[in-house]
1. Taking the convex hull of the alpha carbon atoms in region 1-141, what volume per residue do you get, in Å³?
2. Around Glu138, under 10 Å between beta carbons, what's the net of Lys plus Arg minus Asp minus Glu among the other residues?
3. Cβ under 13 Å from Ser329's Cβ, Ser329 left aside: what net charge do those residues give with Lys, Arg +1 and Asp, Glu -1?
4. Give the peptides 389-397, 142-150 in descending order of average Cβ contacts within 10 Å, highest first.
5. How far apart, in nm, are two points set 7 Å out from the Cα along the Cα-to-Cβ line at Arg391 and at Lys313?
6. I want to make sure I understand the PRE zone here: with the label point 7 angstrom from the Cα of Thr421 toward its beta carbon, which residues in region 434-455 have backbone N atoms less than 20 Å away?
7. Specify the angular offset, from 0 to 90 degrees and rounded to the nearest 10, of the alpha carbon long axis of helix 359-374 from the longest principal axis of the alpha carbons in the chain.
8. Suppose all protein chains stay in the model; what accessible area per residue would a 1.4 Å probe give for the chain, in Å²?
Amino acid sequence: MTKTRISLFDTTLRDGQQTPGVDFSIQDKIIIAQMLDELGVDYVEGGYPGANPTDTEFFGQKRTTNASFVGFGMTKRPGVSASNDPGIAALLQSKTDSICVVAKTGDYHVRVALCTTNEENLVSIRQSVEAVLASGREAMVDCEHFFDGYKANPDYALQCAVTAHEAGCRWVVLCDTNGGTQPSEISEIVREVAKHIPGENLGIHAHDDTGQAVANSLAAIDAGARQIQGTINGIGERCGNANLISLIATLSLKSKYRDWVEIGVGENQLSELTRVSHRFDEILNRAPDTQAAYVGTSAFATKAGIHASAILKEPETYEHVRPGDIGNSRRVMVSDQGGKSNFITELKRCGIEVAKDDPRLDGLIATVKEREAKGYAYEAAEASFELLARRRLGHVRKLFHIESYRTQVERRYNANGEITTVSEAVVRMEIDGHSIISVAEGQGPVNALDKAIRKDLGKYQENIADLELVDFKVRILNGGTEAITRVLIDSIDGSGGRWTTIGVSENIIDASFQALIDSINYKLMKTVPSA
Ligand SMILES: [Zn+2]
């Protein structure tokens, strides 16, 4: 049986940019477009060409290889011809494959927002589509407020959509702009529209204001639409857009869809889904949602000791899909409630075999529990966990020792009268019986410490030469003056390894120092042959 192709349209760089607190730099946009392209979405919408310097520069060249690169703009204004409309002109100057114009489709919005007549609005839709097609590009029309417009005046909303279709646009996208429509209403209205416009030309653009953007997108597909618009991790204005990550997993893995649907995301790309989702959050500098559907670190996690052993015997009882299919993994968590079998499983993941009756195991469990009570979160810092475990089980040599360190930060005016800050760190260490004092300056105290420690690690210097700190996350664990700071550091090396370490202290520099030292020790543990 030939499968039906569902087209995926990503609007992370346009609608996603509307998320409070999100502002993509051009570099972010380039990286995200590339990620989406590699993931296998069909359309990458990049923003509004001509609207601001970032978008204008971004649209100066095509940013995708496989996916269609899309610019977004308004239909031509009433009263001017398409060729004289500056908005349309900016769209046509962009290096895009497709152009999506947004049109009003509710007569209320036509009257109030556009201050024009229903007839004039239809002319704008038709002429805008014609102008895009004349430039040799594919045209799409986003029918703004379509579902509310349809409820108020079905004939006119439909007339707008049909006008766009008849003018030759590839996709007529039905938008639930304020996100209030329910799945059963979406299904009913899309079914009606599909009597006038073939489903293969219909798209759905859903917002998550009632927590149902994914459900609404699927309802539209069930009713005949063949394009879904959404964003990575569902970011977007207010409560966000339809989450493409969840939709990709559902369309690929759930037999209700898998059996007849085909998308541009293949098996290999699907297994990257978790990584893509988390990497995107890293670009936004926010912690991934641990409970995100399919890709959250807790999506296939369990805490209870009894469940843990049952899960290992019969995973399908507890897991609705196989975690590995989307690049996630089963986690039997090291935590307060964790029993011995959880620990043994977690240790196995790190490649450590330990007998259940080994007394050192009890010592390790006690240490982990004690530290977690102080604010350590080993679930988020597996490298620190492995290091701690190997130490307690007697597998790690101590290669260097930090006797003390001191940092200072100076804020002053430079010769040009500008404010500048300089940080310095002095570290006393011992390596192979030799005492070393290392001094370095850095952009901040942690950077200075890092430089001072890594300046001269004697014969181990080569082992850490390719170590790079790539992310630094700080969380304040309890408010007030006695706040505890937790620092997570992500490190990478030349072999493609990536690991996370943790530090906890009342002092942010010291918490950072602990995470930093763990990262160096972890790298040495992996690369220095045992004596
Ligand atoms: Zn939207």
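The values are calculated or read from the model by the stated rules, or taken from the named source; none is laboratory data. Note that the structure is a prediction, hence the values are computed from the model and not measured. All Cβ positions, even for glycine, are placed from backbone atoms using ideal geometry, and neighbour counts span all protein chains on display. Side chains included, ligands, DNA and RNA excluded: accessible areas come from the protein's heavy atoms. Shrake-Rupley method; radii C 1.70, N 1.55, O 1.52, S 1.80 Å.
1. On the way: hull volume 20.5 nm³, N = 141.
It is 146 Å³ per residue.
2. +1
3. Working: positive: Arg275, Arg322, Arg330, Arg331, Lys348, Arg349; negative: Glu319, Asp325, Glu346, Glu379, Glu382.
Within the 13 Å Cβ shell, the charges total +1.
4. Numbers: 389-397: 15.9, 142-150: 25.4.
Ranked by mean Cβ neighbours within 10 Å, highest first: 142-150, 389-397.
5. Result for the modelled spin labels: 3.7 nm.
6. Under cut-off, by backbone N: 440-453.
7. Orientation of helix 359-374: about 60 degrees from the principal axis.
8. Numbers: 24080 Å² over 531 residues.
I get 45 Å² per residue for the chain.
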